[in-house]
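**Q** Attaching a single structure in structure tokens format; questions to follow.
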């Protein structure tokens, strides 16, 4: 085993859009393990939109990413050395190993993974944090009944793609919103949504009305801006909104809400949520998601970049909507 490994640190904070020069690739020495620690070789790194918010030095639900330290990020990998009684060499684990080839852990927050029926990479997507985000928003906030309609923005992404499929399994009508014919085709033909609207198509309002003729009973919102406004305008009385993300404002842009009167007129329930604040639900949710994946009832797609050095460009691509499904970096 080499006595060094590579990591990527945040070298400077963004002023607007994220650029590659904000990151720095470093080679650092492998530390000696203390009693109670284990060493993980990361196989895959998860890239997620929340990372953009953590790059700013601003008050939020979580502390900012420190400068000159390993970028935060979820990983899955293999234990290659252990001085911890609960983990042994060869165990596969999910961790917050960050943008790095290796990670040292004391075992806190680690989750052992069974790769016999679920591929290792899926534990960063459909059976990981994105899948749990979809599960929680649908089951604990939207609480839709069979026959009702859910509208899902960023429907081809890691979270949105799961929301629509879970809604269909509940007997709901699933309407997605995505960017471009290719993504919309994937959402309908592969994921099984009833319809998908291309927000770049030129008539978002008219297209959404055609896709949801009986109105919308639940919105799973990942984007904000005109997409959210248009969906709100189609809501039925007492509709619910699970506010998951606001991609439209990740670079600090203002996000006006023009349909704000609808919140009162339709007596809308709107709730923002951070899935890591609801860890009590994770065992149930992850078990259900894993069973659905193993049974072939939950489909997913991954966009995978190769090598740690590719992470900054892959992350920028994620923020610009270039990926389909879950964005990963393959490290091994």
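**Q** Taking other Cβ within 10 Å of each residue's Cβ, how do 102, 55, 1 sort, fewest first?
**A** With the fewest neighbours first, 102, 55, 1 line up as 1, 55, 102.
**Q** Report, to one decimal in Å, the Kirkwood hydrodynamic radius for the chain based on all distinct Cα pairs.
**A** Over the chain, the inverse of the mean reciprocal pair distance is 20.6 Å.
**Q** Turning to a different aspect of this structure: Quick one: Kirkwood hydrodynamic radius for the stretch 246-301, alpha-carbon pairs, angstrom, one decimal?
**A** Mean inverse Cα-Cα distance, inverted, gives 15.2 Å.
**Q** Quickly estimate the mean residue ellipticity at 222 nm for the chain, helices only: each DSSP H run with n ≥ 4 gives -39500 (n - 2.57), and the total goes over all residues, rounded to 500.
**A** -6500 deg cm²/dmol
**Q** Among rounded, prolate and oblate, which fits the stretch 129-276 when a ≥ b ≥ c are the square roots of the eigenvalues of its C-alpha gyration tensor, a/c under 1.5 means rounded, and a/b larger than b/c means prolate?
**A** rounded
**Q** Please say if the stretch 1-147 is rounded, prolate or oblate, where rounded means a/c under 1.5 for a ≥ b ≥ c the square roots of the C-alpha gyration tensor eigenvalues, and otherwise the choice is prolate for a/b larger than b/c and oblate otherwise?
**A** Since a/c reaches 1.5 but b/c is at least a/b, the shape of the stretch 1-147 is classed as oblate.
**Q** Turning to a different aspect of this structure: Taking the simple approach of a point 7 Å from Cα along Cα-to-Cβ for both residue 276 and residue 140, what is their distance in nm?
**A** 1.5
**Q** Arrange 129, 246 by Cβ neighbour counts within 10 Å, fewest through most, would you?
**A** Final ranking by Cβ density, sparse to dense: 246, 129.
**Q** Still on this structure, please answer the following. Angle, helix 160-169 long axis vs. longest principal axis of the chain, Cα atoms, 0 to 90°, nearest 10?
**A** Taking Cα atoms only, the helix is inclined about 60 degrees.
**Q** What order do you get for 196, 172 when you list them from fewest to most C-beta neighbours inside 10 Å?
**A** 172, 196
**Q** Report, for the chain, the % of DSSP beta bridges that are antiparallel, rounded to 5.
**A** Approximately 50 percent, going by the DSSP bridge assignments.
**Q** So for the stretch 52-115, Kirkwood radius off the Cα pairs, Stokes-Einstein at 25 °C and 0.890 mPa s: how many µm² s⁻¹?
**A** It diffuses with D of about 185 µm²/s by this estimate.
**Q** Something else: With just the Cα atoms of the stretch 83-141, tell me how far they stretch along each of the three principal axes, in Å, largest first.
**A** 42, 23, 22
**Q** For the stretch 218-273, what mean projected area does the convex hull of the alpha carbons give, in nm²?
**A** In nm², the orientation-averaged hull projection of the stretch 218-273 is 3.4.
Read-outs: derived from the displayed coordinates by stated rules, not from any lab. Small disclaimer: the values here were computed from a predicted structure and weren't measured. Cβ atoms come from the backbone with ideal geometry, glycine included; neighbour counts cover every protein chain shown.
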